[in-house]
Structure formats: C-alpha cells, structure tokens
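Remarks on the structure that follows.
The values are calculated or read from the model by the stated rules, or taken from the named source; none is laboratory data. Computed from a predicted model, the values in this text were never measured in an experiment. All Cβ positions, even for glycine, are placed from backbone atoms using ideal geometry, and neighbour counts span all protein chains on display. SASA here: full protein model, heavy atoms, side chains in, ligands and nucleic acids out. Shrake-Rupley method; radii C 1.70, N 1.55, O 1.52, S 1.80 Å.
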Amino acid sequence: MLSKREWAWGYLLIAPMALGLAVFYLWPIFQTLYLSFTESGVFGGYTWVGTANYADLLGDEDMAGALGNTLLYAVLVLAGVPLSIVVAALLNVPGLRGLSVYRTLYFLPVVTMPAAVGLTWRYLFNGDFGAINHLLGLVGIDGPYWMGDPDVAIYAIAIVGVWSSIGYNAVLFLAGLQGIPRHYYEAASIDGAGRLRQFFRITLPLLTPTTFFVVVITMINALQVFDLVYLMIDTTSPALRGSRTIVYFFFEKAFVHNQRGLAAAIAVLLLGLILVLTAIQFRLQKKWVHYE
Amino acid sequence: MSRPRTWPAHVVLAGGALVMVAPFAWQLVVSLQTLPESLRVPPKFTPSWQWSNFPEIFQTVPLGRQFLNTVVVTAAVTAGQLLLCSLAAFAFARLRFPGRGAIFMLFLAVLMVPGELFLIPRYEIMVGLGWLNTLQALIAPGVFGAFGTFLLRQFFLTLPRELDEAAQLEGANPLQIYWHIMLPLVRPGLLALGMLTVMWSWSSLLWPLVVNTDPEMMTLSAGLASLRGQFQTNFPMLFAGSVVATLPVIVLFVIMQKQLIAGIAFTGSKG
C-alpha cells in the first residue's frame, strides 16, 4: 500500500512550516510565560521572582490606566461597526453602479501603512493649524488640542481606528449580505414590507453570523492597538497618560526600559484579557446570533 | 419593472468616500507645499508644487535604501509564505498521516495568540544569531504563517478527490501532484494570500521597529515613524516620504483589488 509513503510525504511537506512555527511562535509562547515569572538582570540573565511581576502590575497606576484606555478604545471602535453595515448595505443596493470604485476608495485606509496614516491624522488633529479644528471652527465649535489632552487623545485615535477599519469590515458584511437568498426579500415585498422594514426584519438578523465574526475580530485587534498610539502621540506628551494602551505599555517596558520579565507579564495578562472577552462573546452569541 | 432608485445610496456613499480619501488628498497637497504654508492658519488647501520636497527627503533620510529594504523584505516574505503555506496546506488537505488533526489544531491555536507574546523571545533569538539590524531578522519570522496555511487549506479542500487519485495511478508522487496539478488550481487562493501578505509585510511596524534601529536597515514604515519626532514640524517633507511609501501599495491594490477582496470576504464566510 501507498499509505506508509503518504505518511512520510505528509510529514515532509508540513515540516518546514511546522519547524518555523515551533521556533517563532510556539516556543516564544512558553518562553514568554516563563519570563513573566523572572526579572532580567543588568548584565543579562534572568532570576526567578515568582508572581512578583504580576503583583507589581496589580498596583501599577500605568497598568490600570493602560487597561482602561485599551477597553475604552475597543468600545469606541466596536461602536463604529454599524457604520460598516450601513456602507455594505448601500453597496448592496440592487442596480448600484460604481461598486468597484467605492470599494477601492473605502479600502484605501486599509491598504496604506499605519505609519503614513497615523502621521497624516496627527497633522489633521493639530490644535493650532489642523484642518479638523478649522472645519469645526466653521460651524462654531472650538476644537480641543486633540493630541495634547489626556482626556481627548484616545477619542482621536479611535476615530482613526474606525476610519481605517470601515472598508475591511464592509467587505466582510457585503459578502454576508450577498449570501442572503433573494427570495426572502421577494416574499417580504409581496407582504408589503418596505425597504427599511426589510432591512431590520431580514437583513440584520440574517447578517448576525457575519456581525459576530466582525465583532470578535475587531475586538481582538482593538485590544492590541499600538501603531496609532505610537505614531500619533509623542513619548513626552501629557496625552500619553490618557492614551497609553496595553501593547504600548508592553513595548515601553520590553524595549525602552528593558524590563523584560515585567513586559512578559503584561503580554500574558493581555492574552488572558483577550481569551476572557472572546469567551464572553462566544457565550453571548447564543442570545443574538441566528444561524440558519 | 422600474429601475430602483439608487441616488440616495450614491449620496451617502460619496459622502463617506470623501471622508476616506480626504486625508490622502490632504497629505498629497501638503507634500507639495513649503514649510510655512503647511503651518498656516487657516490651512491652505492648495499645493504650491514644491516638488523639491521629494528629492530633499531622499537626501535627509536614507529613504531610497529604506524603500529597497521594504521591497526586498516584502518580496521574500511573500514568496516564502506562498511556498511554505501551500506545501503545508496541501499536506493537511490532501494527505493522510497520523496526528494530522492534532497538528493542525496546534497551527490554529497559534493563530489565536496575540503577537506580543512572541516578541521578546523572537528578539532574543535575533540577538543570539547576531541578526539585529539585518534584513533576515525581518524576513525570517515573516515567512511562517498559520493564517496562510489555514486559508490555502480551505482552497485545497474544495478540489475533487478524483484529481489526486488519477495522478496517483499515473505514478505521480505527492510533490508532483502538488506542483503540477493542485497549485495551478488554487491560484485564486495564492493571489489572495499573496496580496494580504504584501500588505501586511509592507505596513508592519512593531517588529521592524524593535529589531532594526539603524536607519539604513529600517523599512519605510519604521523609517517614517522615526521621522515623527525629528521632523515633527516639517510636514511637507514628512508627507513627501509618506507618499513615496504608500503609493506602491495603492497602485498594486488598484490592480489586484478583486483578488484581495475575494480573499478577505473568504475569511469572513468560512472563518
């Protein structure tokens, strides 16, 4: 029989990938777990300190702040998800021309590098000469110093976060919409249901599996936000207190302050947070997600 | 039947599209202004065709070198991903071997873990290898990907069983079946993964920021980020650099958007 040879081929073909994942993904997970219970010495090397890092983080003001900022950011970005549904629903209007043009335009922020995007928005949000405060001024609103105010900065970052994810999520929703059988709408039309009623009674319920997927992915990504904070907020800005996220805090500890053990503990806590919140999402899904 | 009215949809979509494009347009305009113009109150919304910003940014920072670094890293990572992911995906989808299910679950588990958990040990691997400030430090971890393996496996699974059976009867070994028969058939999957990988690799920031601190060895993403403090107020130059960094991906996206969109839509429907 061929089967023994098939085994060998199977192992041979997955070997390069399995080896790479083991070295760059699996081993690092366990290593980070281990490091989180150690302290790095001045001259390299690690000493075991038990749960001291975790204890330190529990009382750390910056950690509490980072946790709060990250959760606030995640909530704000999730609040932007309905915008993607609206965009997808409009793109799905029968007979709409220019679909690919719209798709391209909405997708621009997704394909362009966060570095360029972050720096541009930072300029737009400038309190003195930024275009946003200028536009707000035209309608009589006195805009804040977005990037310098610890109470405001995270909102500015979240606006960019929503802006840059609308296109991606809209593509997912559009695919979901196109999977809804036409005859549901035909039946509803015959029953005299208007467009809006159809949207709330047919579209939204049948779109809940996609919505669930998008919400989970968006949440997991939002909990790991780093690029935008790093690019939009100066390391010396007072606004950092109000916008330092968990990954930013991790980055500071690991690669600026060289406190690897503490940083590893932050990463482990982030993993825990993501697992818990994702598990809650999966629990809640029974209450609102309709599978056909 | 009358044609449905689409203009209300157009009004809202066009308004939204304006918000999507405005920052890019504004970036382009400012990249062609002088420094004082870029700081004017109220803002000046027209360019003054200050083309010299572009050669100047190339002289101020090693932008040309960073561009080349980014191209090399992105090309290597994408080629590596396509080859290694498709090999593994083919094996998972079409070959039977003990432990296949368990190993695949392990791959999936890796997908769920946030990237920060890999960062410190990976950095130490690079220190150990003496690879800090080299391009291979950027390439090596990037060529391995659980997501790509998962994505391509779904494509391989859709192909009919008779294909391999027929080829097997002809005496083809699995590697020949993979290369000559299966790979051409999963082209849409390869294109989608290729596009996604180009996008991610081109834009990635955190890892390049950590391993390559020498401006000569930086990618565009990290290079731009490092300008933020240094040239904080010189927005025209900064945006000239941004335009150079973003334009290639935008062009590629416009050409390949169908494949990319298909790949993303796919992750949503089968994820």
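Listed residues A:GLY261, A:GLY242, A:GLY272; which is in a helix (DSSP H, G or I), more than 11 Å from chain B (Cβ to nearest Cβ) and not β-branched (Val, Ile, Thr)? Steps first, answer last, please.
Working: A:GLY261 fails: more than 11 Å from chain B (Cβ to nearest Cβ); A:GLY272 fails: more than 11 Å from chain B (Cβ to nearest Cβ).
Sole residue among the options that is in a helix (DSSP H, G or I), more than 11 Å from chain B (Cβ to nearest Cβ) and not β-branched (Val, Ile, Thr): A:GLY242.
Restricting attention to the stretch B:251-261, and to residues there that are crowded, with 16+ Cβ neighbours inside 10 Å and at the interface with chain A (Cβ under 9 Å from one of its Cβ atoms), which single residue is nearest to A:GLN178 (Cα to Cα)? For the stretch B:251-261, the residue satisfying everything is B:ILE261. Screening the stretch A:177-202 for residues that are open to solvent by less than 20 Å² (accessible area, probe 1.4 Å) and within 14 Å of another protein chain (Cβ to nearest Cβ) and picking the one that is modelled with the highest pLDDT gives A:LEU177.
Looking at B:ARG161, B:ARG122 in this structure, which one is surrounded by fewer than 16 Cβ atoms within 10 Å (Cβ to Cβ) and either farther than 26 Å from B:THR246 by Cα or more than 11 Å from chain A (Cβ to nearest Cβ) (or both)?
On the way: B:ARG122 fails: surrounded by fewer than 16 Cβ atoms within 10 Å (Cβ to Cβ).
When all the criteria are applied, what remains is B:ARG161.
Taken residue by residue, the stretch A:18-38 has at least one member that is over 30 Å from A:LEU277 (Cα atoms), open to solvent by 60 Å² or more (accessible area, probe 1.4 Å) and free of Cβ contacts under 8 Å to residues at least 60 places away in the same chain.
Within the stretch B:185-202, can one find any residue that is free of Cβ contacts under 8 Å to residues at least 40 places away in the same chain and among the polar types (S, T, N, Q)?
Taking the stretch B:185-202 and keeping what is free of Cβ contacts under 8 Å to residues at least 40 places away in the same chain, we get B:185, B:187, B:200.
The next check asks that each one be among the polar types (S, T, N, Q); those that pass are none.
No.
Looking across A:PRO94, A:PRO82, one residue alone is open to solvent by 40 Å² or more (accessible area, probe 1.4 Å), without any contact (Cβ under 8 Å) to a residue 12 or more places away in the chain and part of a helix (DSSP H, G or I). It is A:PRO82.
Scanning for something open to solvent by less than 10 Å² (accessible area, probe 1.4 Å) and within 19 Å of A:VAL110 (Cβ to Cβ), does the stretch B:228-239 turn up at least one residue? Among the residues of the stretch B:228-239, not one is open to solvent by less than 10 Å² (accessible area, probe 1.4 Å) and within 19 Å of A:VAL110 (Cβ to Cβ), which makes the answer no. Filtering the stretch A:104-136 to residues that are within 8 Å of chain B (Cβ to nearest Cβ) and over 20 Å from B:TRP202 (Cβ atoms) leaves A:ARG122, A:TYR123, A:LEU124, A:ASP128, A:PHE129, A:GLY130, A:ALA131, A:HIS134.
The residues in the stretch A:138-163 that are in a helix (DSSP H, G or I) and at pLDDT below 95 can be counted, and the count is 1. Among all residues of the stretch B:35-48, there is none that is at pLDDT below 95, at positive phi and not in a helix (DSSP H, G or I). When the test is whether a residue is within 18 Å of B:PRO184 (Cα to Cα), of a type in the set (D, E, K, R) and in a helix (DSSP H, G or I), B:ARG122 does not pass it. Counted as qualifying within the stretch A:1-66 are the helices (runs of 4 or more DSSP H) with 2 or more residues that are within 10 Å of chain B (Cβ to nearest Cβ), namely A:3-21, A:27-35. For B:GLY189, the conditions (1) open to solvent by 10 Å² or more (accessible area, probe 1.4 Å); (2) more than 8 Å from chain A (Cβ to nearest Cβ); (3) under 18 Å from the mean Cα position of the chain (by Cα); (4) farther than 29 Å from A:GLU252 by Cα are fulfilled apart from (1). Scanning the stretch B:74-118 for residues that are outside any helix (DSSP H, G or I) and open to solvent by 20 Å² or more (accessible area, probe 1.4 Å) returns B:ARG96, B:PRO98, B:GLY99, B:VAL113, B:GLY115. Spot the failing condition for A:THR210; the list is (1) more than 24 Å from A:ILE280 (Cβ to Cβ); (2) modelled with pLDDT under 95, and only one is missed. If we test A:THR210 against (1) more than 24 Å from A:ILE280 (Cβ to Cβ); (2) modelled with pLDDT under 95, just (1) comes out false. Taking residues in the stretch A:60-77 that are touching a residue at least 12 places away in the same chain (Cβ under 8 Å) and of a type in the set (D, E, K, R), and partners anywhere that are open to solvent by 20 Å² or more (accessible area, probe 1.4 Å) and in a helix (DSSP H, G or I), the pairs with Cβ atoms closer than 9 Å and at least 6 places apart or on different chains are A:ASP62/A:ARG241; A:ASP62/A:GLU252. When A:ILE266, A:ILE233, A:ILE217 are screened for being modelled with pLDDT under 95, under 20 Å from the mean Cα position of the chain (by Cα), among the aliphatic types (A, V, I, L, M) and open to solvent by less than 40 Å² (accessible area, probe 1.4 Å), only A:ILE233 passes.
Just so you know, in the stretch B:37-53 the residues that are free of Cβ contacts under 8 Å to residues at least 24 places away in the same chain and at the interface with chain A (Cβ under 7 Å from one of its Cβ atoms) include one that is least open to solvent (accessible area, probe 1.4 Å), and it is B:PRO43.
For residues that are of a type in the set (A, V, I, L, M) and open to solvent by 20 Å² or more (accessible area, probe 1.4 Å), scanning just the stretch B:192-217, find the one that is farthest from the other protein chains (Cβ to nearest Cβ).
Narrowing the stretch B:192-217 to residues of a type in the set (A, V, I, L, M): B:192-193, B:195-196, B:198-199, B:205-206, B:209-211, B:217.
Now restrict to residues that are open to solvent by 20 Å² or more (accessible area, probe 1.4 Å): B:198, B:206, B:209, B:217.
Numbers: B:VAL198: 9, B:LEU206: 6, B:LEU209: 8, B:MET217: 16 Å.
Once the filter is applied, the top-ranked residue is B:MET217.
Filtered by the rule that a residue be open to solvent by 60 Å² or more (accessible area, probe 1.4 Å) and free of Cβ contacts under 8 Å to residues at least 24 places away in the same chain, the stretch A:269-281 gives A:LEU275, A:VAL276, A:ILE280. Exactly one residue out of A:THR208, A:THR236 is within 22 Å of A:LEU78 (Cβ to Cβ) and either in contact with a Lys or Arg (Cβ under 7 Å, 6 or more places away or on another chain) or β-branched (Val, Ile, Thr) (or both), and it is A:THR208. Where the second residue is part of a helix (DSSP H, G or I) and not β-branched (Val, Ile, Thr) and the first is free of Cβ contacts under 8 Å to residues at least 40 places away in the same chain and farther than 14 Å from A:VAL81 by Cα and lies in the stretch A:199-224, which pairs have Cβ atoms under 8 Å and are six or more apart or on separate chains? Between residues of the stretch A:199-224 that are free of Cβ contacts under 8 Å to residues at least 40 places away in the same chain and farther than 14 Å from A:VAL81 by Cα and residues that are part of a helix (DSSP H, G or I) and not β-branched (Val, Ile, Thr), the close pairs are A:ARG201/A:ALA188; A:ILE202/A:TYR184; A:ILE202/A:TYR185; A:ILE202/A:ALA188.
Selection of the stretch B:59-71 for residues being surrounded by fewer than 18 Cβ atoms within 10 Å (Cβ to Cβ), over 13 Å from the mean Cα position of the chain (by Cα) and part of a helix (DSSP H, G or I) yields B:GLN59, B:THR60, B:GLY64, B:ARG65, B:LEU68.
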